[in-house]
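Worksheet for the structure shown next.
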Amino acid sequence: MKSKIVVLFVGILLMSAGCNHKDEPAADRDKFLGTYNASESCGYGDDSYTIEITESSKAENAINICNLWDWDEKAYATVSGNSLIIPPQTLDGISFSGSGSISENTLTIHYTIADYYDEDNCTANCIRK
């Protein structure tokens, strides 16, 4: 009889543990991941190209933005909620920094890009493919 009660008690514990399981919410960065068609407006002109956003291993809230400014490099950014920050960084002699936000499938990135001679302010309006 005792063994039946123990088995019943263990079964109830296992079932209640399963009922209390909650799925982990998706990381904020998950909503940014994917491929986008970018329409960019800079002081020196306009351009259209594709960017890809992937997870970065630098932090749980980090992403890589590949091909921003139609330049085949990865800019590092961090996300919080619907916003992103591109901290100041230099990639192959080109400096990037900026910020952005996402709303549904539209990502807008405002950033500054500079080399040794010049600086430009750009806005990239990106639509998820």
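Could you grab me the full set of residues in segment 93-128 that are of a type in the set (Ser, Thr, Tyr) and more than 24 Å from Arg29 (Cβ to Cβ)? Let's see the steps before the verdict.
Just the residues of segment 93-128 that are of a type in the set (Ser, Thr, Tyr), to begin with: 95, 97, 99, 101, 103, 106, 108, 111-112, 116-117, 123.
Answer for segment 93-128, where residues must be of a type in the set (Ser, Thr, Tyr) and more than 24 Å from Arg29 (Cβ to Cβ): Tyr116, Tyr117.
Residues Ile113, Ile94, Ile86: which one is of a type in the set (Val, Ile, Thr) and either within 11 Å of the chain's Cα centre (by Cα) or closer than 20 Å to Arg128 by Cβ (or both)?
On the way: Ile113 fails: either within 11 Å of the chain's Cα centre (by Cα) or closer than 20 Å to Arg128 by Cβ (or both); Ile94 fails: either within 11 Å of the chain's Cα centre (by Cα) or closer than 20 Å to Arg128 by Cβ (or both).
Residue meeting the stated conditions: Ile86.
Could you list all residues from segment 72-96 that are among the polar types (S, T, N, Q), touching a residue at least 24 places away in the same chain (Cβ under 8 Å) and in contact with a strand residue (DSSP E or B) (Cβ under 6 Å, 6 or more places away or on another chain)?
Selection gives Asn82 alone.
Could you figure out which of (1) more than 18 Å from Ala59 (Cβ to Cβ); (2) free of Cβ contacts under 8 Å to residues at least 24 places away in the same chain isn't true of Ile109?
Unmet condition: (2).
Taken together, the values in this text are just the output of simple stated rules run on the coordinates, not laboratory data. As the structure is a computational prediction, the values presented were derived from the model and not from experiment. Glycine gets a Cβ as well: all are built from the backbone with ideal geometry, and neighbour counts include every protein chain shown.
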